[in-house]
Amino acid sequence: MMSAMAGSRRVRAVGTSADQSVTTLELFFDLVFVFALTQLTELMAHDLSWRGVVRGAFLLGLLWWSWAAYSWVCNIAKADEGAVRTVLLGAMAAMFVIALAVPEAFDDLPGGLSGPVVIAIAYFVLRAIHLVLLWLIAEGDQVLRRTIAFFAIGKVGAAALLLVASQYHGITQTLLWAGALAADYVSTYLVDARGWRFNSPAHWAERHGLIIIIALGESIVEIGVGVTALPISWPILAASLPGIVLLALGLKKILEYVGEDLARPLHGIGLFALYVGTALYLAGLAAFKRRAIHHWSLPRLITAAVLLVAVPLVRGVPALAQLLVLTVALTALVITESRTSSRV
C-alpha cells in the first residue's frame, strides 16, 4: 500500500487512502472527457451509416481506455496534490484538443490544421502524460518501472498507427484505427501485473458512477440541441420525456423525426442505435454484475434479448411508437428489479 511517494527534496506524488473521495480536479477532467463523447455522438449523427458507427466505436474505445487509465492513476495518487496535479492539467488540455478535433477525426475539413493529425498527436501527448504519471508513482519500485517500460510500447505503437492512419482514407484508414485500438488494449493485458496497486475501491466505484451521471446529463443536452431548430410540439414533448452514446444518437434522431412527420418510422442506423445501443448497455451492466459479485442479472439480459428481437418487428411503425415500445420494456425492467430488491 502506498502512503506517500517522495523524491529526495520534494513531494512528487501523494498516495491515496482507502476512504479517498473524488476530487474537484477529477470531475473537471471527467467533464472534458464527456464533452468528447458528445462530440462523438454528433460525429456519428452526421455520418449515419455502418461505417460511421464502426468508426465512432473505435474512437470511443480509445477515449474510454484513456479515461480508465487516468481514473486508475487517481485511485492511487491524489489528483489535487503534488506533481500529479500539474501533470493532470496537461492531460486535460490534451483531452480537450481531442474533443475539439473529433468532428475531423477521420475526414479533414478544408482549411486549418489536419484533424486526423491533430487527433494522433494529442492522443500521443495524452498517453505520454499518463506514462509520466505512472513513472512518478513508481519511484523507488524497479519492478513496476520495468512493467511501465513494456506498457509504453503498446501506447506508442497505437499513437504511431493513428499518425499513419491520418495519411489515408476509407477502409485503409479504418483498419489502421482498428490496429491502434488493438495495440492499446492488448498491450495492457500483456503486461506483468506485479507492482500494480489499487488503494480505494470506494473511490473507483464513485468515479465510475459520476462519469455515468455526467454522460447522461450531457446526452440529455445533446438530445435537446438536436431539435432547437424545430417548433415545440406535443410529439416532441412526448418523445423527450423517456430517458451513453448510441442511445443518445437514437433519441436525437427520434426527436428530429417526430418534429417533422408523425408517421415516419426510425430505420437503419437510427433504429439500431436506439434498440441495440440500449441492449448493449443492459448487457454491459449484467456483465459487470457478474464480474463483481459472480451473479448474472437475468432481468437485464432478458430485456436486452427482447430489444434485439423487437428490432425487425418495430421497423415499420412510427418513430414515436418505436420509442414507446422501448419505454415499456425498460419500465417493466425497472419494476421487476425494484420488486426483486425490495424482497432481498
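Coordinate-derived values only; no laboratory data. Predicted model only: the values in this text are computed from it and were never measured. Cβ placement follows ideal geometry from the backbone for every residue including glycine, while neighbour counts extend to all protein chains displayed.
Between Val22 and any residue 5 or more places off or on another chain, the built amide H atoms are never under 5 Å apart.
In plain terms, the residue of His130, His46, His294 with the fewest other Cβ atoms within 10 Å comes first and the most crowded comes last, giving His294, His46, His130. Taking amide H atoms as placed 1.01 Å from N in the peptide plane, the amide H of Leu266 lies under 5 Å from those of Ala319, each 5 or more residues away in sequence or on another chain.
The Cα-based radius of gyration of region 17-210, divided by its Kirkwood radius, gives an Rg/Rh of 0.98.
From least to most packed, judged by other beta carbons within 10 angstrom and beginning with the fewest, Val117, Val54 follow the order Val54, Val117. Around the amide H of Ala77, modelled in the peptide plane, lie the amide H atoms of Thr16, all under 5 Å away and 5 or more residues distant in sequence or on another chain.
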